[in-house]
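First the structure, in the form of structure tokens, and then the observations on it.
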Amino acid sequence: MDSRTVGIPEVDGTEDVAVVIDVMRAFTTAAWAFHRGADKIVLAADVGEALAIKACQPGWLALKDGAPVRGFDLVNSPGVIRDTDLSGRTVIQKTTAGTVGALAVVEAKLALCASFAVAGATARALADAAADSVTFVATGEDGRAAEDLACAEYLDRLLAGDRPDPDPYLLRARTSPAADDLRGGRRRGAHPADVELCLEVNRFDFAMKVGLEEGMAVLRPLRPRPDAASAVHRAR
């Protein structure tokens with residue numbers, strides 16, 4: 001499978017199959033939200049849209065980067081979401097980079113959102129789709145985020161049929177500026193466990209697919225077919 005990796009500014013609308021990567025922390029947080037029972041995640045373009053959607057859907061929960069603020073119920077932190085019961089809930093997510101990247105490719109034939117936590121399942125979903133090519137969208141730092149590029153390269157190796165050792169890729173993520181900022185408390189709304197949770201490989205057995213539903217960008221878990229249930233373990 002042919003692949004290329006771009007930043008959000010390089011997305012040009014020609015992406016038939018895209019994987020939007022935000023390791024620290026949007027799509028690690030999203031994966032944990034589904035694990036904790038969320039039904040779906042609606043991706044908002046900005047804070048105003050997130051609050052407008054919530055105003056029309058009072059039972060939905062709004063989530064954003066940074067410290068808690070009025071109108072938002074959750075913060076973009078896997079460590080916080082890990083301890084939150086979201087059974088049957090809809091979450092509205094707005095983040096600085098991840099949701100922006102997902103919205104840029106939401107009309108692709110297949111658009112997945114990924115992090116290390118769902119890497120194996122993401123590779124399996126791409127293989128099942130029999131795509132000829134894939135565009136990885138590294139969202140952090142205009143496509144230069146070390147953790148997102150490492151995850152893209154790890155996914156590319158999986159798609160090539162390799163069984164790569166994840167440790168070198170995780171080391172790049174662990175020593176990235178984003179990880180340093182989280183550990184140093186320079187990102188508000190962070191939990192002490194966030195970095196380590198973002199470095200868990202194949203923690204979950206589902207991919208995450210984004211598409212348009214009733215005019216909204218909606219992220220849902222994409223679970224493996226029964227005959228592919230061991231895909232994540234084969235990718236370890």
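Give the lysines reachable from residue 209 as a straight Cα distance under 16 Å; neighbours fewer than 8 places away on the same chain don't count.
Filter leaves 40, 109.
Could you derive backbone 3J(HN,Hα) for region 63-80 from the dihedral phi with the Karplus parameters 6.51, -1.76 and 1.60 (θ = phi - 60°), listing whole Hz in sequence and x where the residue is Gly or Pro?
3J(HN,Hα) across region 63-80, in whole Hz: 9, 8, 5, x, 5, x, 9, 4, x, 10, 9, 9, 10, 7, 9, x, x, 6.
Tell me the relative contact order for region 2-222 as a rounded percent, counting alpha carbon contacts under 8 Å between residues six or more apart. Write down the numbers at each step before the final one.
Working: 474 pairs, mean separation 72.6, N = 221.
Relative contact order comes out at 33 percent.
I'd like the antiparallel share, as a percent to the nearest 5, of DSSP beta bridges with both residues in region 2-222. Please report the intermediate quantities before stating the final value.
Numbers: 11 of 36 bridges.
Of those bridges, close to 30 percent are antiparallel.
Treating only the Cβ of Lys, Arg, Asp and Glu as charged (+1, +1, -1, -1), what charge dipole size does the chain show about its Cα centre? Round to the nearest 20 debye.
Charge dipole, the chain, about its Cα centre: 740 debye, nearest 20.
Could you list the trypsin sites (Lys or Arg not before Pro) in region 1-81 that lie in coil according to DSSP, counting only those with at most 11 other Cβ atoms within 10 Å of their Cβ?
Here the sparse-neighbourhood loop sites are 70.
Multiplying the sequence separation of residue 87 and residue 46 by 0.36 nm and subtracting their Cα-Cα distance, what value in nm do you get?
12.2 nm
Pull up all non-local amide H partners of residue 5: gap of 5 or more, or a different chain, and H-to-H distance under 5 Å with H placed in the peptide plane.
Residues meeting the criterion, in which the H sits 1.01 Å from N, are 136.
Mind checking which aspartates and glutamates have their Cα closer than 20 Å to the Cα of residue 54? Skip sequence neighbours fewer than 8 apart in that chain.
Partners found: 39, 46, 65, 73, 85, 213, 214.
Is it possible to state the helix-based mean residue ellipticity at 222 nm for the chain, with each DSSP H run of 4+ residues giving -39500 (n - 2.57), the sum divided by total residues, to the nearest 500 deg cm²/dmol? What is it? Write out the running numbers ahead of the final one.
Working: 10 runs with 81 residues, N = 236.
That calculation yields -9500 deg cm²/dmol at 222 nm.
Quick note: the coordinates plus some simple rules give every number you see, no bench work behind them. Bear in mind that the values here come from a model prediction, so they are computed numbers and not experimental data. So basically every Cβ, Gly included, is an ideal-geometry build from the backbone, and we count neighbours across all protein chains shown.
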